[in-house]
Every structure is written in C-alpha cells, then in structure tokens.
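The structure under discussion appears below in the form of structure tokens.
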Amino acid sequence: MSTPILICDDSGFARRQMARSIPDGWQVEISFAENGAQAIDLIREGKGDVVFLDLNMPVMDGYKTMEVIRQEDLPCLVIVVSGDVQPQAREKTDGHGGARFYS
C-alpha cells in the first residue's frame with residue numbers, strides 16, 4: 001500500500017525538487033498543488049496523508065492552509081518547508097499545531 005504525499009508550493013521548480021528528494025523504493029503516490037486551496041481539495045480527496053507545505057503562496061498561503069486543516073480536522077501530517085526563516089514564521093506555524101518547520 002502506498003502513502004499519499006502532497007507537495008504544495010507555488011514554484012514548479014520547488015515541487016519537482018521536493019519530489020526528487022523522496023527516496024527511490026518508498027511506496028508513495030505523489031500529488032502536487034500550486035496553492036493552499038488546491039491542497040485542501042486534494043487532502044479532502046485522500047491524496048495528502050503527508051503534506052509538504054510552503055508558507056508564501058498566492059490564492060491561499062500555508063498559514064491559512066494549516067488553519068483550515070486544523071478547523072476541519074483533516075487527517076494529515078503537515079511538514080512546513082519554506083525559505084521564510086524569520087522567528088515570526090516559526091511561531092506562527094507552531095500556533096497551528098502539529099506542523100514541523102524546515103527551511
């Protein structure tokens with residue numbers, strides 16, 4: 001059985017790089033979203049048990065995405081992957097519970 005992984009970033013380059021970082025041999029099914037609104041739809045469809053999430057995106061940013069995930073109690077593990085290394089970004093993501101932050 002494969003694990004559904006969702007990579008959400010507005011940069012096509014970043015999405016491809018993240019997908020390439022997943023080791024060969026892992027049984028995963030990868031989906032992609034360009035913004036948080038697309039990510040929420042895919043998570044609701046069961047395509048994001050593990051979500052790699054950027055913070056700064058158009059339409060719906062990562063902060064709002066985590067807020068919706070929490071409000072709807074959507075079943076996923078969020079791993080925040082962002083170039084935004086400001087202390088405020090870390091504090092804000094911590095407030096959404098269960099998020100991990102990697103820059």
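Strands (runs of 3 or more DSSP E) wholly in the range 1-74 with at least 3 residues that are not hydrophobic (A, V, I, L, M, F, W, C) - which ones?
Counting at least 3 such residues, we get no strands (runs of 3 or more DSSP E) at all.
Can you tell me how many residues within the range 52-78 are under 10 Å from the mean Cα position of the chain (by Cα) and surrounded by fewer than 16 Cβ atoms within 10 Å (Cβ to Cβ)?
1
Taking the criterion of being buried (at least 16 other Cβ atoms within 10 Å of the Cβ) and either at pLDDT 65 or above or in a strand (DSSP E or B) (or both), would at least one residue in the range 92-101 satisfy it?
yes
Residue pairs, Cβ under 7 Å, 6 or more apart or interchain, first in the range 37-50 and modelled with pLDDT of 95 or more, second among the aromatic types (Phe, Trp, Tyr). List them.
none
When the range 13-36 is examined, which residues are found to be at pLDDT below 95 and among the small types (Gly, Ala, Ser)?
Of everything in the range 13-36, those that are at pLDDT below 95 and among the small types (Gly, Ala, Ser) turn out to be 14, 21, 25.
Among the residues of the range 44-51, is any over 11 Å from the mean Cα position of the chain (by Cα), buried (at least 19 other Cβ atoms within 10 Å of the Cβ) and within 14 Å of residue 81 (Cβ to Cβ)?
Looking for residues that are over 11 Å from the mean Cα position of the chain (by Cα), buried (at least 19 other Cβ atoms within 10 Å of the Cβ) and within 14 Å of residue 81 (Cβ to Cβ), one finds none in the range 44-51, hence no.
Tell me which of these residue 82 doesn't satisfy, since it passes every other one: (1) at pLDDT 90 or above; (2) buried (at least 19 other Cβ atoms within 10 Å of the Cβ).
That leaves (1) as the condition not met.
The values are calculated or read from the model by the stated rules, or taken from the named source; none is laboratory data. Since the structure is predicted, the reported quantities are computational estimates derived from the model, not experimental observations. With ideal geometry, Cβ positions are generated from the backbone for all residues, glycine too; neighbour counts draw on all protein chains shown.
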